[in-house]
Each structure stands twice: as structure tokens, then as C-alpha cells.
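Student: Before I ask anything, let me first share the structure, which is written out below as C-alpha cells.
The values are calculated or read from the model by the stated rules, or taken from the named source; none is laboratory data. Please read all numbers here as calculations on a predicted model, not as lab measurements. Reconstructed Cβ throughout: ideal geometry from the backbone, glycine too, with neighbour counts over all protein chains shown.
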Ligand code: 3HC
Ligand code: NAI
């Protein structure tokens, strides 16, 4: 027995309890404790049956991910479970919380499973770039059927006790007193002299073997570029085609292959990066937070109405303030349409939609905001307009209300200075569509109070966002990094690389979409206006900057909203179609600027776009704008469609090797000039043989 696993005997039933907070992961102490107690129970003549349960909030939530990549101290989980499968006394797992991964595999090796109504089970290994490696791929199809097993294993989806019971995966669902219910169940099995139900002795069958190829084809689209989902299908297919022992061998082989691959390392990095982002320098668990029970949103446009939905989804009332009744009505209609859509898709009931809609109200009067706990401003991106809004908020909002701006480029310190309470002002930078995108950049201004920051981070989690703290600078973390990305896309066009080739290279790298498709989606007029204003202010903007985008805008090609930009779009479609008119505009720009076409391969296209992201990120880290490299990875994966299987730009840089990146950048600098100057931090790390991961700190 170890302190992580205890055993006591109740009425001839050995109750083995795991106690390994926070999630009862299968760390070495748990594996060895389980081995010892199970052997004891097997050999103890006073024991007729075994109940396996957990203390704390959850049943075992899986293998201990912190032990991955290190030598495994025996017993390894598959060996422990093979031994369990030979035991001769009935074993009943008592499930509460989430029985996940290795936890569910332990439960599937027991002969029976009793679960609380609220419990969920799942095999989320695929989300870590691996597959269930302790029999999950062989046992789940044998007990729950190939269809459900394929669904659960390739998606990582958690299923409720009710659904699991329907599939035969759980034998009894109870509403409370779980441990006693499991003991009673075990005694009944003993009294009835029921045979042991070893899942390994069942057979997995499939009515139509074509299902495996259908899954492979579907996953090639929905999980494009990911290795693990395809290997998951291979192992489930093995459960049908091979006997249990050979199926287990196949599972082991593919598990180890995935575990050693870069994709899984990247996905495991993201698991911890996401949780690390919640840790904010200067704050502690004891930092107080403010209660947020009501929200006001200023501006009911694209962002304001999307932001509102995050709160109404959580039952928090929202007051929208607009300039005109028409604008208000448009914003509120957008929210109503969203809920109608949810009902049509069968995601919520009519009643739920009606009560969510009731949470939204509108006004044009700041006095109506006197009692709200949080205000989020999402008006036009103009400092004068923001000044007007924040001056009024300062006048009308109650002391202690948090005043946030959703600005994407403006200085939050300046915005805070429009109020007499800069400590209550913060940036909350949502991404469009604001009710869908998971990223929330939380902008800490110079005077932002600790409790305001702590409240924003807590709120982010509450509304299912991943909050990442950023300091104040132009574009914060994410948009600032895009500067070189966009610049190089434009430069490649001027070297004769077509929009479709640039986009395809980045798409194949794994980005959700290429830079020019993204430009068309966001609208080319935004950048056009910025460049025009900068030139009018007398700032130096190179002639090549936006040379093609500006010509497109002047030809009325504003992007998707105009049906044409870098591509053309058929009515009602978002599919980009290459357009000879654009080729002509590119040729005209190249001729005007005296640009020569050059043969450029896909590898160079990727380097030319991705390395500027990495370089800017190094500057951002040096300036303390981002707290740590992994926060930047979180920003790019949740906000910019960077492939999770590459772990984000910083993790990717480490996998390429910083010296190799610096060497390429120096070559680009020799060819293209000082836009390619290597950031001092990147250069130093490369010279010292260190990586971005070496900089990560709590
Ligand atoms: N190993 C190690 N640490 C883990 C862990 C695990 N499997 N799961 C969670 N943790 C840690 C988290 O890092 C976090 O640590 P921190 O407080 O220091 O940041 C802490 O536990 C709490 O986690 P969350 O913040 O995520 O807590 P929630 O209550 O929101 O969620 C959970 C709980 C649903 C269990 C969620 O943590 C989760 O999904 N965990 C991962 C489950 C998983 O992937 N299991 C499969 C592992 S792989 C495996 O089992 C291989 C096998 O097939 C051989
Ligand atoms: P939008 O033009 O769709 O909406 C702005 C709304 O604000 C309009 O409905 C307008 O009537 C209203 N408004 C303007 N001045 C007002 C005032 N003084 N008082 C009350 N309402 C006023 O703009 P969008 O795209 O929603 O952007 C809003 C803010 O969000 C901007 O600061 C923008 O930089 C930022 N943002 C935009 C993103 C995007 O992708 N569109 C992404 C992240 C941030």
C-alpha cells in the first residue's frame, strides 16, 4: 500500500481507493499501489470481490502526462492491466467525475462498472497526439461496439454515464452513494456466482468493414495533417481483425510510434501551455477577484454582439448601448438569430433560447449602466471615439466596475487615462467571431489593478475562453506578430509567386488558411486605410508595402465582402477561385516596381512567412509583452489557426532548431535587407545552444 492507494475490507469486499490529487492520474505511486493492493486482495481469503474507487473530485483521469517522455518506472500500465486481467475475484469500478484515458482503461479491465449519473467517460489520448495505450482500443470496441469506439477514440469525446450505459459500457448508473452501490453490486455478483466478465474474452464485430475507410477519409478532412486519428482507426480495426493478444501488440507498437513523434510532443506541450497561461506573474491564488453578475457592452456591431453571446450563454445579463436605435436593433437581432440557429441545430431547446434572449437589453443612455459590474467597449477603432466612451463610463459607472476595451490596436494606457480610475481599466481583446474563437488576449495596462486582472482571467475561463496576458504595444501579441507575415506574403507576390501557391504552402504547413485568403476574409480595405493614413501623416511606408493589396482595393477588390479580392468568389460562396484579373494586377505592380520573378519553392514560402512570426515573438518576449514563450503558442493556436500538431510558433522554432532559423534569416537579410534583422534574443539563444523552452517560467 502507498499513501496514493489504500485498501479496506467491507463485508468481504476489498475496497481499493486511489487518492492522488488533483485528478488521480496514474503516477508511479498509483500504479505500484494498485499492483500491491490488487495482489493482496487476490490472495486474501477473506476477500470475495474487489471495488476500485477514487477519492476527490474524479475517478482516475488518465496516465500521468508529466511522466511522458521519461523512462517509465515499472509497473507500466499495460503490464499492470494484463496482470489485473488474470485476477479471479470479481472487480467492480466505481466511477465518478471523469474516467479518462488510462483511467477508463483501468475501469474496462474490471469486470463491471457502476457510475454516478454525473460521471463521464472518454479516451482523450488522440487530443494529446497519441492513442489509448493500455488496451482501450481493444477493449472499448469489444464492450461498446466498433461504431461508438471509433467515435470516442478518434474524437476524444467524453460520453455521459447514460450514453455509456446504453452502449453496455457501464452496468449500473446511480444517483448517489456510489461506493456502497458498487459494494452491493459486487456482493450480488458473488452471491449469484456470476461468471467473471473479462472484456478481453469478448469478440469485436462490425457489420460493414467499409466503416474503417470511411472514418479514415472523414478524418483526413476534419483532422487534416494529424497522425494520431488515423492510427486510432488502425488499432480499432485490429480489434476486429486480430485476436486480443495480437491487437494489444499492434496498439503498443502504434502507441510508441506516436508517443515518440513530434506531433504528440507538440500537443502535450499545448496541454500544459494552456494551463500555464492561467498563471499570471505577480498574481497568486490568493489575489482577490470582483464579482461579475452583469455586463454592459458599448457598440453592438460585429464584435459587440458576438461578445454578448459569451455572457448570455452563461446566464449573465447584458445591456447593449448603441448610438442609434437601428444599430441596437441590428446587434440584438444578430444575437437572437444565433439562438434561433442553435435551436434549429437541436443544440438547445426553445425555452433555453427564450431565456437567453431575455438576458439581452438595449439602451442609448449611459445612466442605465450605473449598476453593471463589467463594461466592454467595442465601438469604432478611433481614439477620439474611445475617449468619448470612456469619459462617459467614468462618469456613470459605479465605483469598482471594471471598464474594458476590445481595441485591437490602440494604446490601453491612453484609454485608461481618459478615466479617473485607470486601475479599473483593462483590455479584453476578443477574436472574431467572438462567440466562437477561444482566445482572449487580456491586456494589462500600466495601472491595471491586480484584482481586475485576476477577475479577467477567471472570467475568461468561465466563458470557455483561454485567457493570455499581454502587455501594451501596437497589436498586442498576436496582431503585432502578423506584421512580417503579411509583409512577406506581399513580397512573395512581387517575386511572381501566385496567391494560390502562397496560400497552399501555408495550408499544407497546417495553417487553417493561407495569408491571402485570410486577407480576403478580414477585408483588404482595413490595411489600405492604415497605410494611406500613415503616408498622409508623412510616415515612411515603403512603396512595396501593400503594393498589390492597394491596387486591388483601388480596383474595388476589397475581399470576400465584395465578392473579389486576391481571389474571386461566386455568389454566396466562400471558396477562393484564382482570377486572371489579379494576375494582371500583380504583373502591373511588378512592372511598375521593376520586380523580377524568381523560382521559389514551398519550403522557402513557409520560412519567409513563419520565421518573421518567430522573430517578432522574440522581440515581444524581450520586451516583456508576453510572459513566456508558451503563451505565444497559445495565442497562435487559439487565435490564428496555427496547427496544434506543431505546438505553436515558439515550440515549432525549437523543433526546427534556432541556429538553423538564424542561418536562414541571415541569408534572407543579405538578399532582402534589414526587415530580416535577427532579434537579439533569438540570436543569443541560438549562439548559446538554448531554446525558447529554456525560457519558460511559471
Ligand atoms: N496527468 C498529469 N497532470 C494532469 C493530468 C494528467 N493526466 N490531467 C490533469 N492534470 C493536471 C493539470 O495539468 C492541472 O495542473 P495545474 O493545476 O498544475 O495546472 C490539474 O491537473 C488540474 O487540471 P485542469 O486544470 O485541467 O482541471 P479541470 O478540472 O478543468 O479538468 C480534467 C480536469 C477533465 C481531468 C482535465 O484535466 C483533463 O482533461 N485532463 C487530461 C485527461 C487526459 O488526457 N487523459 C489521458 C492521458 S493519456 C493516457 O491516459 C495514456 C494511456 O492511454 C496509456
Ligand atoms: P463594427 O463597426 O462592426 O461595430 C462598431 C459598433 O460601434 C457600431 O455598431 C457602431 O454603431 C457602434 N458605435 C460607434 N461609436 C459608438 C459610440 N460612441 N457609442 C456607442 N456605439 C458606438 O466594428 P467591430 O468590428 O465590431 O469592431 C469594434 C472594436 O473591436 C474595434 O475597436 C475593433 O478594433 C475591435 N476588434 C475588431 C475585430 C474584428 O475582427 N472585427 C477583432 C478584435 C477587435
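Student: In region 436-457, what count of residues is obtained for those that are touching a helix residue (DSSP H, G or I) at 6+ places or on another chain (Cβ under 7 Å) and assigned to a loop (DSSP other than H, G, I, E, B)?
Tutor: Step one: of region 436-457, the residues touching a helix residue (DSSP H, G or I) at 6+ places or on another chain (Cβ under 7 Å) are 437-449, 452.
The next check asks that each one be assigned to a loop (DSSP other than H, G, I, E, B); those that pass are 437-438, 444-449.
Total satisfying the criteria: 8.
Student: Still on this structure, please answer the following. Being in contact with a helix residue (DSSP H, G or I) (Cβ under 7 Å, 6 or more places away or on another chain), surrounded by fewer than 22 Cβ atoms within 10 Å (Cβ to Cβ) and over 25 Å from residue 286 (Cβ atoms) is true for just one of 422, 433. Which residue is that?
Tutor: None of the other options fit; the residue is 433.
Student: Only one residue in 581, 596 is surrounded by fewer than 16 Cβ atoms within 10 Å (Cβ to Cβ), over 20 Å from the mean Cα position of the chain (by Cα), assigned to a helix (DSSP H, G or I) and outside the structural domain of residue 437 (by TED's automatic domain parsing), so which one is that?
Tutor: 581
Student: Would you please list the contacts, defined by Cβ atoms under 7 Å and residues six or more apart or on different chains, that run from a residue in region 206-235 that is more than 20 Å from residue 142 (Cα to Cα) to a residue that is modelled with pLDDT of 95 or more and not in a helix (DSSP H, G or I)?
Tutor: Sorted first by the residue in region 206-235, then by its partner, the pairs are 225/510; 225/643; 227/261; 228/129; 228/130; 228/131.
Student: Say we look at region 24-37 and pick out the residues that are in contact with a strand residue (DSSP E or B) (Cβ under 8 Å, 6 or more places away or on another chain) and more than 22 Å from residue 184 (Cα to Cα); which of these is nearest to ligand 1 (Cβ to nearest atom)?
Tutor: Looking at residues that are in contact with a strand residue (DSSP E or B) (Cβ under 8 Å, 6 or more places away or on another chain) and more than 22 Å from residue 184 (Cα to Cα), I get 25.
Student: Still on this structure: Tell me, please, whether a residue that is modelled with pLDDT of 95 or more, within 16 Å of residue 463 (Cα to Cα) and more than 15 Å from ligand 1 (Cβ to nearest atom) can be found in region 318-326.
Tutor: yes
Student: Here is a further query. Is there a residue being surrounded by 10 or more Cβ atoms within 10 Å (Cβ to Cβ) and in contact with a strand residue (DSSP E or B) (Cβ under 8 Å, 6 or more places away or on another chain) anywhere in region 204-216?
Tutor: no
Student: Something else: Quick one: how many residues across region 1-22 are surrounded by fewer than 17 Cβ atoms within 10 Å (Cβ to Cβ) and within 16 Å of ligand 1 (Cβ to nearest atom)?
Tutor: Here the count works out to 3.
Student: Still on this model: Does residue 412 satisfy being buried (at least 17 other Cβ atoms within 10 Å of the Cβ), closer than 27 Å to residue 334 by Cβ and out of contact with any helix residue (DSSP H, G or I) (no Cβ under 9 Å at 6 or more places or on another chain)?
Tutor: Working: buried (at least 17 other Cβ atoms within 10 Å of the Cβ): yes; closer than 27 Å to residue 334 by Cβ: yes; out of contact with any helix residue (DSSP H, G or I) (no Cβ under 9 Å at 6 or more places or on another chain): yes.
When the stated conditions are applied, residue 412 passes them.
Student: Specify the residue that is surrounded by the most Cβ atoms within 10 Å (Cβ to Cβ); the eligible residues are those in region 371-389 that are touching a helix residue (DSSP H, G or I) at 6+ places or on another chain (Cβ under 6 Å) and closer than 17 Å to residue 472 by Cβ.
Tutor: Looking at the filtered set, the residue picked out is 377.
Student: Give all pairs with beta carbons closer than 6 Å in which a residue from region 320-342 that is touching a residue at least 12 places away in the same chain (Cβ under 8 Å) and farther than 24 Å from residue 374 by Cβ meets a residue that is assigned to a loop (DSSP other than H, G, I, E, B) and within 16 Å of ligand 1 (Cβ to nearest atom); count only pairs at least 6 apart in sequence or on separate chains.
Tutor: Taking only residues 6 or more apart or on different chains, not a single pair turns up.
Student: Just to check your reading of the model, which residue among 555, 549 is more than 19 Å from residue 513 (Cα to Cα) and touching a helix residue (DSSP H, G or I) at 6+ places or on another chain (Cβ under 8 Å)? It would help to see each step written out before you state the result.
Tutor: Working: 549 fails: more than 19 Å from residue 513 (Cα to Cα).
Within the list 555, 549, the selection yields 555.
Student: I would also like to ask the following. Can you find a residue in region 398-405 that is part of a loop (DSSP other than H, G, I, E, B), surrounded by fewer than 16 Cβ atoms within 10 Å (Cβ to Cβ), away from ligand 2 (no atom under 14 Å from the Cβ) and in contact (Cβ under 8 Å) with a residue 40 or more places away in the chain?
Tutor: Yes - at least one qualifying residue is present in region 398-405.
Student: Return the residues of region 309-334 that are part of a loop (DSSP other than H, G, I, E, B) and more than 11 Å from ligand 2 (Cβ to nearest atom); say none if nothing qualifies.
Tutor: Residues of region 309-334 part of a loop (DSSP other than H, G, I, E, B): 313-317, 322-324.
Across region 309-334, the qualifying residues are 313, 314, 315, 316, 317.
Student: Within the set of pairs 6+ apart or on separate chains, which have a first residue in region 363-377 that is free of Cβ contacts under 8 Å to residues at least 40 places away in the same chain, a second that is in a loop (DSSP other than H, G, I, E, B) and exposed (fewer than 14 other Cβ atoms within 10 Å of the Cβ), and C-beta atoms under 8 Å apart?
Tutor: 370/398
Student: Report whether or not residue 497 is farther than 22 Å from residue 601 by Cα and either assigned to a loop (DSSP other than H, G, I, E, B) or touching a residue at least 60 places away in the same chain (Cβ under 8 Å) (or both). Reasoning before the result, please.
Tutor: Numbers: farther than 22 Å from residue 601 by Cα: no; either assigned to a loop (DSSP other than H, G, I, E, B) or touching a residue at least 60 places away in the same chain (Cβ under 8 Å) (or both): yes.
It is false that residue 497 is farther than 22 Å from residue 601 by Cα and either assigned to a loop (DSSP other than H, G, I, E, B) or touching a residue at least 60 places away in the same chain (Cβ under 8 Å) (or both).
Student: More than 16 Å from ligand 2 (Cβ to nearest atom), surrounded by 24 or more Cβ atoms within 10 Å (Cβ to Cβ) and within 22 Å of residue 197 (Cβ to Cβ) - does that describe any residue in region 23-36?
Tutor: yes
Student: Right, another one. Only residues that are modelled with pLDDT of 95 or more and either assigned to a helix (DSSP H, G or I) or farther than 28 Å from residue 669 by Cα (or both): list them for region 564-574, please.
Tutor: Kept after step one, since they are modelled with pLDDT of 95 or more, are these residues of region 564-574: 564-570.
Matches in region 564-574: 564, 565, 567, 568, 569, 570.
Student: Can you find a residue in region 230-237 that is under 22 Å from the mean Cα position of the chain (by Cα) and either surrounded by fewer than 22 Cβ atoms within 10 Å (Cβ to Cβ) or assigned to a loop (DSSP other than H, G, I, E, B) (or both)?
Tutor: yes
Student: From the list 430, 418, pick out the single residue that is under 26 Å from the mean Cα position of the chain (by Cα) and not assigned by TED's automatic domain parsing to the domain that holds residue 530.
Tutor: Every option except 430 fails the conditions.
Student: Quick check, is residue 362 farther than 27 Å from residue 639 by Cα, away from ligand 1 (no atom under 16 Å from the Cβ) and either in a strand (DSSP E or B) or not assigned by TED's automatic domain parsing to the domain that holds residue 447 (or both)?
Tutor: yes
Student: Moving on to the next point. Could you look through region 156-182, keep only residues that are assigned to a helix (DSSP H, G or I) and in contact (Cβ under 8 Å) with a residue 40 or more places away in the chain, and pick out the one that is nearest to residue 194 (Cα to Cα)?
Tutor: Within region 156-182, the match that is nearest to residue 194 (Cα to Cα) is 182.
Student: Which ones in region 38-60 are away from ligand 1 (no atom under 11 Å from the Cβ) and either within 33 Å of the chain's Cα centre (by Cα) or crowded, with 20+ Cβ neighbours inside 10 Å (or both)?
Tutor: Across region 38-60, the qualifying residues are 38, 41, 49, 50, 51, 52, 53, 54, 55.
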